[in-house]
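**Q** Dumping the structure here so I can ask a few things about it.
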Amino acid sequence: MALIRLSGISRHYEMGSQLVRALDEVDVEIERNEYVAFVGSSGSGKSTFLNILGCLERPTLGQYYLNGAHVEELDHNQLAEIRNREIGFIFQSFNLLPRANALGNVMQPLVYRRIGYRQRREMATEALRRVGLEDRMDHLPNQLSGGQRQRVAIARALVTRPAILLADEPTGNLDSRTSTEIMYLFDQLHAEGQTLILVTHEEDIARHCGRIVELKDGRIFRDRQRTEAAH
Amino acid sequence: MFYVMLESTRSALISILAHGLRSFLTTLGIVIGVASVIAVVSLTQGMSAFIGESFSSLGSNSLTVQSYTPIAEQMRGVRARLTPEDLELIERRAEGVASITPILYGSSASQVRYAAQTTFSQIMGTTYAYREVSQSYVQLGRFIAESDNLTRRRVTVIGSKVRDDLGLPENPVNKYVELGGEWFKVIGLLETKGDFMGFSQDDIVLVPYATMRSLQGNQARTDIQIQLSLSENADVEDVTRQLTALLRNAHDLSPDEDDDFVINTAEQLMNTFDTVINMVTLVIGGIVSISLLVGGIGIMNIMLVSVTERTREIGICKAIGAKRHHILAQFLIEAILLSLLGGLIGLALGFGLGAAISSSIESFPPASIPLWAIVLALGFSGFVGILFGILPAAKAANLDPIDALRYE
Ligand SMILES: Nc1ncnc2c1ncn2[C@@H]1O[C@H](COP(=O)(O)OP(=O)(O)OP(=O)(O)O)[C@@H](O)[C@H]1O
Ligand SMILES: [Mg+2]
């Protein structure tokens, strides 16, 4: 069974009398260890889609199965549990806790798992080492460069060993060199067996992924395996 | 649960410290409320502990009988009196009395002189029994004896303040002092009792009752005060009833006339003081609960601001797996810590204030805070924290993750 299965997922926003169909009957399946990019023009529904995948938002219609769980049937606490255990979310604007240092930020998801301080610290240190930031652990977010902040965010997403990593324009706020470094990190994670799903509108970024899904007006316009396309 | 509390306390402390000044200003309402409670309680407690001690040294099983003339009667020139005959009557007829003594006050304050020094003091004529009834013992020399009364000896027992005021030697026994124009030999010095509510208890001159009467002559028809102490198993109310009946009969009062005397017990006096003190405490308590309410609203206000400011942070926490109760606990504990902090500062401030006031007013009893006041102050400020923290905390906990993340 697929790691992620969505069928007939729609997300509608009511703006006064107008109905905005941010997502319109989307069906997707994603397998374990896939490396998928969702692309499309601005307003095509990419972020909405990723937020639904990350259980931050509920779809208006449709079914979502994640790792065997039927997400629609879960309550607040179970969703929080899923966000904590199954999903690592990486944002375009990093979204670090401003008053906690790098280490504190990476330890935070483990707080919600009732893991003791020492073990938390150990796991967070390991994750920061993984993204090459072991010498910046006690820096506050505003004492770090954009690339370093995104690495902290990635460490925070990784530290819980989630089933899937979701990244919404992870390089959107970074220069091209730093973007390359971040993408190199993603490639490595994928090689180690991590399932990765990212949203981007940059060709260069999408090219790292094995599968590219194109959204248009809330619908899937094209879905192709890059290896096939390359042949 | 403990784990959540611990982690929430950790992060609450971080955020309180991050806004040091704001946190302090927020707690000011609580600080002022608690400080005033503690200051007032520490003062009144010190006072009532002191009053309690003073009265027990007075002898809690003693009674005082005084004449009493209502104002309306006084206007008509009538004066009620207690006479030596009343004293005799009580001595003869009342049961349950261990010792009894008359006190005859000199007309207003009289001049007391030793060598070139003079002072004014209340002179009291009394008997040997005064020693037991009012628990006044001599530190030097001897007390007035029965024979002093029988022979109307011109001897006196003085308090230490009188000795100091007159510049008498450390041991004034056998010196002569002039009381209202007559010479008296000092035979004893009373133990120092200290001040009571700003009045020195050592500014006292005792002479034999009979001597005092003979000196006053027929100048006025004497009005005495009677002090008596009860025997071991006598009942205060029973003795009071007996005395009332005896005196009403002796004074020829008809059933529709009021008593022309009052009988006070030390306990009654003490209860009156306690009532007054409790009233003061209650009134202040009312004012203080208003200020705690205002303080609580201040905390609620700043917590609401803080929730709004940190909406995005709350969104982040929810995105990485925080459940409602994690967020709730964090903000609630922050509110509780804030108001407990205020409570602690207030406690210290209030105690300092009470101590400063009591030490700056001479002869005011030292301030003391009972444990219950500390527990109550902290308990109450913690309660205020919960009461006014729950709304902002619930608001934070119920935020939708994606809405919170999108908040600008
Ligand atoms: N909270 C909302 N209320 C109303 N409309 C919304 C809301 N969020 C998104 N939309 C609408 O849904 C559509 C899809 O938005 P979404 O953010 O998913 O686009 P996107 O593909 O991520 O765009 P971009 O590349 O600019 O980030 C847009 O038309 C947008 O206006
Ligand atoms: Mg987007």
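**Q** Please go through region A:149-175 and give me each residue that is within 16 Å of ligand 2 (Cβ to nearest atom) and in a strand (DSSP E or B), ordered by number.
**A** A:166, A:167, A:168
**Q** Another question, if that's okay. What's the number of the only condition in (1) open to solvent by 40 Å² or more (accessible area, probe 1.4 Å); (2) away from ligand 2 (no atom under 16 Å from the Cβ); (3) over 27 Å from residue B:322 (Cβ atoms); (4) assigned to a loop (DSSP other than H, G, I, E, B) that residue A:188 fails to meet?
**A** (4)
**Q** Is it fair to say residue A:165 is within 14 Å of chain B (Cβ to nearest Cβ) and within 19 Å of residue A:5 (Cα to Cα)?
**A** yes
**Q** Go through the residues of region A:40-48 one by one and say whether even a single one is more than 12 Å from residue A:216 (Cα to Cα), within 14 Å of chain B (Cβ to nearest Cβ) and among the hydroxyl-bearing types (Ser, Thr, Tyr).
**A** yes
**Q** In region B:98-115, what count of residues is obtained for those that are among the aliphatic types (A, V, I, L, M) and surrounded by fewer than 20 Cβ atoms within 10 Å (Cβ to Cβ)?
**A** Result for region B:98-115: 3.
**Q** Name the single residue that is nearest to residue B:319 (Cα to Cα) among those in region B:381-408 being more than 10 Å from every other protein chain (Cβ to nearest Cβ) and outside any helix (DSSP H, G or I).
**A** My answer is B:399.
**Q** Okay, next question. Take residue B:324 and decide whether it is within 14 Å of chain A (Cβ to nearest Cβ), under 16 Å from residue B:18 (Cβ atoms) and open to solvent by 30 Å² or more (accessible area, probe 1.4 Å).
**A** Taking the combined requirement at face value, the residue does not satisfy it.
**Q** So, one more: With the condition kept exactly as written, say whether any residue in region A:3-26 is away from ligand 1 (no atom under 16 Å from the Cβ), within 12 Å of another protein chain (Cβ to nearest Cβ), crowded, with 19+ Cβ neighbours inside 10 Å and within 24 Å of residue A:171 (Cβ to Cβ).
**A** Checking region A:3-26: not a single residue is away from ligand 1 (no atom under 16 Å from the Cβ), within 12 Å of another protein chain (Cβ to nearest Cβ), crowded, with 19+ Cβ neighbours inside 10 Å and within 24 Å of residue A:171 (Cβ to Cβ).
A quick yes/no check of all residues on (1) more than 16 Å from ligand 1 (Cβ to nearest atom); (2) farther than 24 Å from residue A:34 by Cβ; (3) surrounded by 14 or more Cβ atoms within 10 Å (Cβ to Cβ):
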residue	(1), (2), (3)
A:147	yes, yes, yes
A:158	yes, no, yes
A:162	yes, no, yes
A:167	no, no, yes
A:172	no, no, yes
A:208	yes, no, yes
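**Q** Can you tell me which of (1) open to solvent by 20 Å² or more (accessible area, probe 1.4 Å); (2) under 14 Å from residue A:161 (Cα atoms); (3) out of contact with any Gly (no Cβ under 8 Å at 6 or more places or on another chain); (4) at the interface with another protein chain (Cβ under 9 Å from one of its Cβ atoms) is the one residue A:86 doesn't meet?
**A** (4)
**Q** What residue, among those in region A:40-61 that are in contact (Cβ under 8 Å) with a residue 24 or more places away in the chain and open to solvent by 20 Å² or more (accessible area, probe 1.4 Å), is farthest from ligand 1 (Cβ to nearest atom)?
**A** So, considering only residues that are in contact (Cβ under 8 Å) with a residue 24 or more places away in the chain and open to solvent by 20 Å² or more (accessible area, probe 1.4 Å), the one farthest from ligand 1 (Cβ to nearest atom) is A:61.
**Q** Which condition number does residue B:259 fail, the rest of (1) modelled with pLDDT of 90 or more; (2) not in a helix (DSSP H, G or I) being met?
**A** For residue B:259, the failing item is (1).
**Q** What is the number of the single condition among (1) part of a strand (DSSP E or B); (2) within 16 Å of ligand 1 (Cβ to nearest atom) that residue A:224 does not meet?
**A** The one condition residue A:224 does not meet is (2).
**Q** Take residue B:139 and decide whether it is under 34 Å from the mean Cα position of the chain (by Cα) and open to solvent by 70 Å² or more (accessible area, probe 1.4 Å).
**A** When the stated conditions are applied, residue B:139 passes them.
**Q** Is it the case that residue A:93 is within 16 Å of ligand 1 (Cβ to nearest atom) and open to solvent by less than 30 Å² (accessible area, probe 1.4 Å)?
**A** Criteria not met by residue A:93.
**Q** If you go through region A:96-145, how many residues are on the phi < 0 side of the Ramachandran plot and either open to solvent by 30 Å² or more (accessible area, probe 1.4 Å) or of a type in the set (Val, Ile, Thr) (or both)?
**A** Within region A:96-145, residues that are on the phi < 0 side of the Ramachandran plot and either open to solvent by 30 Å² or more (accessible area, probe 1.4 Å) or of a type in the set (Val, Ile, Thr) (or both) number 30.
**Q** Please report, ordered by residue number, the helices (runs of 4 or more DSSP H) entirely within region A:1-116 with at least 2 residues that are within 16 Å of ligand 2 (Cβ to nearest atom).
**A** Result: A:46-53.
**Q** Within region B:301-316, can one find any residue that is farther than 15 Å from residue B:13 by Cα, hydrophobic (A, V, I, L, M, F, W, C), within 12 Å of chain A (Cβ to nearest Cβ) and outside any helix (DSSP H, G or I)?
**A** no
**Q** Further question: Take the residues in region A:210-223 that are away from ligand 2 (no atom under 16 Å from the Cβ) and surrounded by 19 or more Cβ atoms within 10 Å (Cβ to Cβ); name whichever of them is nearest to the other protein chains (Cβ to nearest Cβ).
**A** Checked region A:210-223; the qualifying residue nearest to the other protein chains (Cβ to nearest Cβ) is A:220.
The rows are residues; the columns are (1) in contact with a helix residue (DSSP H, G or I) (Cβ under 8 Å, 6 or more places away or on another chain); (2) within 16 Å of residue B:41 (Cα to Cα); (3) at pLDDT 85 or above; (4) surrounded by fewer than 14 Cβ atoms within 10 Å (Cβ to Cβ).
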position	(1), (2), (3), (4)
B:235	no, no, no, yes
B:238	no, no, yes, yes
B:241	no, no, yes, yes
B:246	yes, no, yes, no
B:254	no, no, yes, yes
B:266	yes, no, no, no
B:282	no, yes, no, yes
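**Q** Still on this structure, please answer the following. Between a first residue in region A:97-115 that is more than 7 Å from chain B (Cβ to nearest Cβ) and a second residue that is buried (at least 24 other Cβ atoms within 10 Å of the Cβ) and part of a loop (DSSP other than H, G, I, E, B), which pairs have beta carbons less than 6 Å apart while being 6 or more apart in sequence or on different chains?
**A** Listed pairs, sorted by first residue: A:105/A:96; A:106/A:159.
**Q** Now, a different point. When residue B:264 is evaluated against the numbered criteria (1) over 28 Å from residue B:6 (Cα atoms); (2) touching an Asp or Glu at 6+ places or on another chain (Cβ under 9 Å), which criterion, by number, is the only one it fails?
**A** It is condition (2) that residue B:264 fails.
**Q** Here is a further query. Does residue A:81 fit the bill of being under 24 Å from residue A:66 (Cβ atoms), touching a strand residue (DSSP E or B) at 6+ places or on another chain (Cβ under 8 Å), within 13 Å of chain B (Cβ to nearest Cβ) and open to solvent by 20 Å² or more (accessible area, probe 1.4 Å)?
**A** Criteria not met by residue A:81.
The values are calculated or read from the model by the stated rules, or taken from the named source; none is laboratory data. Because the structure is predicted, anything quoted here is derived from the model rather than measured. Please note: Cβ atoms are built from the backbone with ideal geometry, for glycine as well, and neighbour counts cover all protein chains shown. Calculation scope for accessible area: heavy atoms of the full protein, side chains included, ligands and nucleic acids excluded. Shrake-Rupley method; radii C 1.70, N 1.55, O 1.52, S 1.80 Å.
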